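Notes for the one structure printed next.
What follows is calculated from the coordinates using simple rules that are stated; it is not laboratory data. Since the structure is predicted, the reported quantities are computational estimates derived from the model, not experimental observations. We place every Cβ from the backbone using ideal geometry, glycine too, and count neighbours over all the protein chains shown.
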Amino acid sequence: MKSLIYTALSALRPRLTRGASVLMYHSVAVGTDYFSAVAPEVFERHMAWLASEREVIPLAEAIAHPRPAVALSFDDGYEDNFTAAFPVLKRHGFHATIFVVMSRVGQPGYLQKGQIREMHESGLVSFMPHSRTHPDLTTLTDVRLREEVAGSKADLEALIREVDPAYAADIFAYPKGTADARVVAAVREAGYAAAVGVRPGLLTAASDPHMIERNSVDRTTTHARFRMEASDAIVAYERLKGLFIS
Ligand SMILES: [Zn+2]
């Protein structure tokens with residue numbers, strides 16, 4: 001009976017002991033058919049769960065010292081990260097990292113320069129490059145690859161150093177999560193200390209710093225799946241899935 005209760009409890013309150021879970025969001029919005037958009041009330045529910053069940057730490061801290069905690073990240077730089085997500089992050093005092101596609105900054109639906117600077121100055125949001133134009137980097141010539149990887153770093157540093165001269169962009173996110181050995185080499189060469197992909201799992205001391213695991217949260221993510229992604233169970237689940245797929 002006791003073990004039954006324990007099993008039921010651990011299903012309700014899944015544990016995180018083996019590493020950090022880096023969550024990947026995109027847009028926080030309703031009324032869009034965009035696959036990666038999470039509704040604002042769903043996002044609020046996620047953050048409320050994290051507030052009671054997990055420690056939320058900056059991505060850079062999770063990379064430097066992996067430990068059982070959650071790090072929040074957003075890809076592409078949607079404007080709703082400022083209008084919908086930022087107020088919730090502020091309420092909880094949660095830190096997040098936003099990976100921006102530099103060519104989209106200031107475009108309709110995407111973050112404006114002023115919003116980026118305001119969030120940066122709050123100390124709650126770190127901005128990092130996600131390339132200039134979001135191509136599949138593995139298909140580019142060496143010259144174009146360098147433009148996307150080193151160029152987006154230079155663009156973002158120029159933008160944020162206007163308000164923070166000490167700022168350095170040192171974490172990269174591969175567009176579409178695609179990278180090969182040549183792309184990783186270009187990312188290291190450009191001076192990035194770390195880079196995140198889209199392979200699910202936990203960030204541990206054994207993780208490759210230039211291919212960090214991230215767990216995607218999108219409109220198909222149920223609350224049970226969300227809790228699993230912030231738990232040890234994500235590792236076993238992905239391993240099991242791999243057995244059936246391969
Ligand atoms: Zn992206």
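Got a sec? How would D232, D136 order by Cβ neighbour count within 10 Å, fewest to most? Intermediate values should be presented prior to the final figure.
Numbers: D232 17, D136 13.
Starting with the residue having the fewest Cβ neighbours, the order is D136, D232.
Extending 7 Å from Cα along the Cβ direction at L240 and again at E55 yields two label points whose distance is 2.8 nm. Largest GNM mean-square fluctuation among E213, E162, E44, using the chain with Cα springs under 10 Å: E162.
Rounded to the nearest Hz, the phi-derived 3J(HN,Hα) couplings of the stretch 92-99 under the Karplus curve 6.51 cos²θ - 1.76 cosθ + 1.60 (θ = phi - 60°) are 8, x, 8, 8, 9, 10, 10, 8, where x marks glycine and proline.
Could you work out the helix-only [θ] at 222 nm for the chain, with each DSSP H run of four or more residues adding -39,500 (n - 2.57) and the total divided by the number of residues, to the nearest 500 deg cm²/dmol? Here the helix-only value at 222 nm equals -11500 deg cm²/dmol. Rounded to the nearest 10 degrees, what's the angle between the helix 40-53 long axis and the longest principal axis of the chain, both from Cα atoms, 0 to 90? Orientation of helix 40-53: about 60 degrees from the principal axis. Between amide H atoms placed 1.01 Å from N, distances below 5 Å from H210 occur with A195, all of them 5 or more places distant or on a separate chain. Sequence-ordered 3J(HN,Hα) estimates for the stretch 161-177 from the Karplus curve with 6.51, -1.76 and 1.60 and θ = phi - 60° stand at 5, 5, 10, 8, x, 8, 5, 9, 8, 10, 10, 10, 10, 5, x, 6, x Hz, glycine and proline given as x.
Evaluated over the chain, the count of Lys pairs having alpha-carbon atoms less than 29 Å apart is 7 (only pairs 8 or more residues apart or interchain).
Arrange Y34, Y192, Y237 by Cβ neighbour counts within 10 Å, fewest through most, would you? If you can, show how the numbers build up before the last one.
Numbers: Y34 13, Y192 23, Y237 16.
Listing Y34, Y192, Y237 from fewest to most nearby Cβ atoms yields Y34, Y237, Y192.
For the chain, the relative contact order comes to 22 percent (Cα pairs under 8 Å, sequence separation of at least 6). The alpha carbon centroids of the stretch 53-108 and the stretch 172-246 are separated by 16 Å.
For S126, the residues whose modelled amide H falls within less than 5 Å of its own, excluding neighbours fewer than 5 places apart on the same chain, are A96, T97, I98.
Looking at the chain, the DSSP beta bridges with both ends there are about 10 percent antiparallel. Once both axes come from the Cα atoms, what is the angle between helix 2-12 and the longest principal axis of the chain, in degrees from 0 to 90, rounded to 10? Taking the Cα atoms of the chain, the angle to 2-12 is about 20 degrees. Between R13 and Q112, the FRET efficiency from the beta-carbon distance, with R0 = 25 Å, is close to 0.05. Rounded to whole numbers, the Karplus 3J(HN,Hα) couplings from phi for the stretch 100-116 are 9, 8, 4, 5, 8, 4, x, 7, x, x, 10, 4, 8, 4, x, 5, 5 Hz, using 6.51 cos²θ - 1.76 cosθ + 1.60 with θ = phi - 60°, and x at Gly and Pro.
Subtracting the Cα-Cα distance of T83 and E147 from 0.36 nm times their residue separation leaves 20.0 nm of extension gain.
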